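Just so it is clear, none of the values below were taken in a lab; they were calculated from the coordinates. Keep in mind it's a predicted model, so treat the numbers as computed, not measured. As a convention, Cβ positions derive from the backbone with ideal geometry for all residues, glycine included, and neighbour counts pool all protein chains shown.
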Amino acid sequence: MTNKNIANTFRLLAELMELHGENPFKIRSYEVAARTIEQYPQPLAAVPASQIEDLPGVGKAIAGKISDLLKTGTFDLLDRLLAVTPAGITEMLQIKGLGPKKVKILWQELNIESVGELLYACQENRLLHLKGFGEKTQENVKKSVEYFLANAKYYRYADMEPEALYLQQAFAQLPGVERVELTGAFRRKCEVLEFADLLIAGNWSNLQNWCSQLQITLLAVQEQTATAQSATGLPLQLHNATAQNFAYRLLQTTAAPAHWQQLIAIKEPNPGSHNETDIYQQLGLPFIEPELREGLDEIELARHGQLPPQLLQITDITGIIHAHSTYSDGRDPLETMARACMAAGYLYLGISDHSKAAFYANGLAEAAIIKQHEEVDRLNQTLAPFRIFKGIEADILNDGSLDYNHEVLQSFDFVIASIHSTLQMTEEKAMTRLIRAIENPHTTILGHLTGRLLLSRAGYPVNHRKIIDACAANKVIIEINANPYRLDIDWRWIPYCMEKGALISVNPDAHSTAGIDDVKYGVFAARKGKLTKEYTLNTRTPNEIARIFTQK
Ligand SMILES: [Zn+2]
Ligand SMILES: [Zn+2]
């Protein structure tokens, strides 16, 4: 169980307590604890109980609950509250824009006890005259419910990753298992996915036995594939292979159905092939990276030798751009962030705290900027040749302007322009704001293009082509925000960025030293978009980056 899982459990607890009208001070204390837990740098599962107790806002009682949670997956108070709450109500708490107060009204006033009933009630306009609701709220709730229902069965890659890797290891250690690989959408590094797919070489008649040893519940077993559920509820697809057909089965199970169909339309590959390269060769194709095997245009491009010979790799990334420090809403001080980048082998850090309009994130007033720049100058002396670039994540205001004057914007090495407020917009409004920000001569990088949060918020509607055209024309670099909740710009638009000659920067948007590693999720997504080193800003030397920043 990750710290995020634990924190989310306490958030659920707080919401359930609010739903049932319990003591607001207690509720607040669980919310505070959730925040502490989420930001704690080590996994709590590996921290001694006595130390957990001493964390700010935690204490003995909450530490006891954490300990129960880690051992059994739940604790008493949570069980009691869940027992008196219909499952559909608990599910409704996950819907954006609802919260316990509104869920309570829906439950008590309209007897709505499930997400499906809620959608129906919206269609029947039953929320219109409800206290605290109204036409606009009903419209928003309806949209959120539709989004929720469409995405409920999906996981974000990074949320699935720890358990998927654990299961691979656990299977590998079972007697009779010769080899195990993660395959399917996981191996294709899909940003959201339904199952963890595992390919297992060994005698399939052992499957039941293997699964019971790992507390996996088998749901349906077929000749070569089984569906199952892990002890924590993660949906699994288990695929069978032998030592002889392993490469063939790995390719077959990795491929999206359309990719496999296109391959076998050329020729049925030899099941005894040694490796995947051999298989592609038999079909007259170069090796196609797993991330690309979506059945889009990759086979056509491969056939004509038009796939990039080498996709971007994590080892190509030379430095970190887009990070926050304690100057705004980051958890770690600037120097700590810089030293963490150095320790990870990076050559530079582009610090970009929030700008002053972001009051909710402690955005920087002009005096704080001067102070930060002095500290950067000092650190650049002591940490050389490591280099810190002076940046800012400037809010794109409602009218598309940035929230500092010319002189202040001039004082930065680079400016990331991002939208953080009034996210509910028409496409026309979003486009006006974005284009104006892109045309601002101070804008160096366009931050998280659509504002989406995977599986929880769709992002404002934009015309991607026009935005990318404008970025290319104004030499604005496009961010792929590597936070696994964002991965925004969507990788499907990267080929168009490259076609137009727009550079991409793979930015972790780190809010702590731990967040720096998120850059890898950006690289995964970028590879799906066929991004190469040449088109990536932060594969360059610090001097080259400095030149690109000043040429802007
Ligand atoms: Zn941002
Ligand atoms: Zn940011």
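Some observations on this one:
- Debye-sum result for the stretch 314-551 in log10 I(q)/I(0), which assumes one identical scatterer on each alpha carbon, at q = 0.09 Å⁻¹: -0.32
- Taking one quarter of the surface of the C-alpha convex hull of the stretch 244-307 gives a mean projected area of 3.6 nm².
- Computed over the stretch 157-240, the convex hull of the alpha-carbon atoms projects to a mean area of 4.7 nm².
- About its Cα centre, the chain has a charge dipole of approximately 260 debye under the convention of +1 per Lys or Arg Cβ and -1 per Asp or Glu Cβ, with nothing else charged.
- Taking amide hydrogens as placed 1.01 Å from N in the peptide plane, the amide H of Ile112 sits under 5 Å from those of Trp107, each at least 5 positions away in sequence or on another chain.
- A cut-off of 5 Å between modelled amide H atoms, ignoring neighbours fewer than 5 places along the same chain, links Ser505 with Ile478, Glu479, Ile480, Leu537.
- Taking the DSSP bridge list for the chain and keeping only pairs wholly inside it, about 40 percent are antiparallel.
- Taking other C-beta atoms within 10 Å as the exposure proxy, Tyr30, Tyr485 rank Tyr485, Tyr30 from fewest upward.
- Pairwise inverse Cα distances across the stretch 1-85, averaged and inverted, put the Kirkwood hydrodynamic radius at 12.8 Å.
- Kirkwood Rh and Cα Rg combined as Rg/Rh, the chain: 0.98
- The stretch 86-149 shape via C-alpha gyration tensor axes, a/c threshold 1.5: rounded
- Least to most buried among Leu487, Leu70 (fewest other Cβ within 10 Å first): Leu70, Leu487
- Helical content of the chain, expressed as a calculated mean residue ellipticity at 222 nm, amounts to -13000 deg cm²/dmol (DSSP H runs of 4 or more residues, -39,500 (n - 2.57) each, divided by residue number, nearest 500).
- The packing ranking of peptides 124-134, 327-337, highest mean first, is 327-337, 124-134, where packing means the average number of other beta carbon atoms within 10 angstrom of each residue.
- Taken as Cα centroids, the stretch 276-329 and the stretch 40-114 sit 40 Å apart, rounded to the nearest whole angstrom.
- 3J(HN,Hα) from dihedral phi, the stretch 168-176, Karplus parametrisation 6.51/-1.76/1.60, rounded to Hz, x for glycine, proline: 4, 5, 5, 4, 4, 8, 6, x, x
- Dipole of the stretch 95-152, positive direction: furthest Cα of Val103, Phe148, Asn125, with charges on the beta-carbon: Val103
- The stretch 447-494 versus the stretch 174-240: alpha-carbon centroid distance in Å: 34 Å
- Taking Ser29, Ser212 and counting other C-beta atoms within 10 Å, the order from fewest to most: Ser212, Ser29
- Whole-Hz Karplus values for the stretch 334-351 come out as 3, 4, 4, 4, 5, 5, 5, 5, 4, 4, 7, x, 7, 9, 7, 10, x, 7 Hz, taken residue by residue from phi with 6.51 cos²θ - 1.76 cosθ + 1.60 and θ = phi - 60°; glycine and proline positions read x.
- Along the stretch 39-56 the Karplus relation, 6.51 cos²θ - 1.76 cosθ + 1.60 evaluated at θ = phi - 60°, assigns HN-Hα couplings of 8, 5, x, 9, x, 4, 4, 9, 9, x, 3, 4, 6, 4, 4, 8, 5, x Hz to successive residues, with x for each Gly and Pro.
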